[in-house]
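Worksheet for the structure shown next.
The values are calculated or read from the model by the stated rules, or taken from the named source; none is laboratory data. All values derive from a computational prediction rather than experimental measurement. Quick reminder, even Gly has a Cβ in these numbers, built from the backbone with ideal geometry, and neighbours come from all protein chains shown.
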Amino acid sequence: MLSLHNLTCRRGLRTVFKDVSLTAPAGSLTQITGVNGSGKSSLLRCIAGLLPASTGHIAWQEADIADDRAQHQQRLHYIGHLDALKPELTVREMIAYWRALRPMDAPTPHEDDIFGLAHLMDKPIRYLSAGQKRRLSLSRLLQGHASLWLLDEPSNALDTDGQERLARALRWHIDQGGIALAVTHHPLALAPTHRYAMPEKTQKKDVAA
């Protein structure tokens with residue numbers, strides 16, 4: 001179980017979000033929504049341990065993730081809204097790189113080519129379309145087991161087939177007892193089990209007392 005307790009994030013004098021509390025149990029997909037600038041992406045980065053929270057805490061199975069950040073990093077996959085790919089590599093080389101980063105300690109459906117990349121394996125990434133790059137980025141979810149998936153606009157640039165393939169991967173993950181949090185403005189092909197709307201806030205700098 002992942003739980004957030006009264007989480008607040010500030011960048012300089014600006015409050016990005018405040019008082020965020022939510023619980024994501026095993027076998028759940030939580031869709032996070034909110035207006036532009038409400039802090040959705042920053043929230044995922046906080047959960048991933050990439051951005052410090054100003055107040056509150058994040059717990060995994062009731063243990064604060066700050067107690068062992070290295071272990072927390074090993075239990076998650078984070079896919080940002082930008083594709084983190086090396087354009088000079090082929091699709092095959094990129095996947096091999098990801099697989100080398102962590103052991104395959106649990107079965108995954110990668111053998112079924114769930115994201116439809118089999119015909120692109122020897123193609124340099126620089127020649128892929130935006131949708132193909134997104135499929136490749138998402139395929140990292142299946143290269144080594146992670147209990148927690150953090151997805152920022154995962155369906156960006158995906159066609160209908162790509163969205164259905166993403167839904168299949170998400171269904172497999174939550175059926176295995178995994179947890180997924182997805183920031184998205186658009187409905188996912190797989191209906192979420194939970195929804196969380198970021199609290200509205202005024203777009204102005206905090207003034208120190």
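Summary table
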{"read-out": "Those residues of the stretch 37-81 which are within 22 Å of A191 (Cα to Cα) and among the polar types (S, T, N, Q), in sequence order", "value": "S41"}
{"read-out": "Residue in the stretch 157-169 that is touching a residue at least 40 places away in the same chain (Cβ under 8 Å), small (G, A, S) and within 29 Å of T23 (Cα to Cα) present", "value": "yes"}
{"read-out": "The stretch 20-33, subset crowded, with 19+ Cβ neighbours inside 10 Å and more than 12 Å from the chain's Cα centre (by Cα), residue farthest from T8 (Cα to Cα)", "value": "A24"}
{"read-out": "Residues of the stretch 162-196 classified as touching a strand residue (DSSP E or B) at 6+ places or on another chain (Cβ under 8 Å) and buried (at least 18 other Cβ atoms within 10 Å of the Cβ), total", "value": "14"}
{"read-out": "So G131, is it assigned to a strand (DSSP E or B), more than 16 Å from the chain's Cα centre (by Cα), surrounded by fewer than 19 Cβ atoms within 10 Å (Cβ to Cβ) and modelled with pLDDT of 95 or more", "value": "no"}
{"read-out": "Single residue of the stretch 45-67 satisfying the filter (surrounded by fewer than 13 Cβ atoms within 10 Å (Cβ to Cβ) and assigned to a loop (DSSP other than H, G, I, E, B)) that is farthest from the chain's Cα centre (by Cα)", "value": "E62"}
{"read-out": "Set L101, L136: member being under 25 Å from A26 (Cβ atoms) and either surrounded by 14 or more Cβ atoms within 10 Å (Cβ to Cβ) or more than 14 Å from the chain's Cα centre (by Cα) (or both)", "value": "L101"}
{"read-out": "Among the residues listed as L138, L85, the single one being at pLDDT 95 or above and part of a helix (DSSP H, G or I)", "value": "L138"}
{"read-out": "Of all residues making up the stretch 146-171, the number that are in a loop (DSSP other than H, G, I, E, B) and not charged (D, E, K, R)", "value": "7"}
{"read-out": "Filter result for S38 (buried (at least 18 other Cβ atoms within 10 Å of the Cβ) and either of a type in the set (S, T, N, Q) or touching a residue at least 12 places away in the same chain (Cβ under 8 Å) (or both))", "value": "yes"}
{"read-out": "Selection count, the stretch 151-161, where residues are within 21 Å of T33 (Cβ to Cβ) and either of a type in the set (D, E, K, R) or crowded, with 20+ Cβ neighbours inside 10 Å (or both)", "value": "6"}
{"read-out": "Residue pairs meeting the criteria (Cβ under 6 Å; at least 6 apart or on separate chains; first under 16 Å from A26 (Cβ atoms), in the stretch 172-201; second surrounded by fewer than 17 Cβ atoms within 10 Å (Cβ to Cβ))", "value": "W172/P109; I174/G27; G177/A26; G177/G27"}
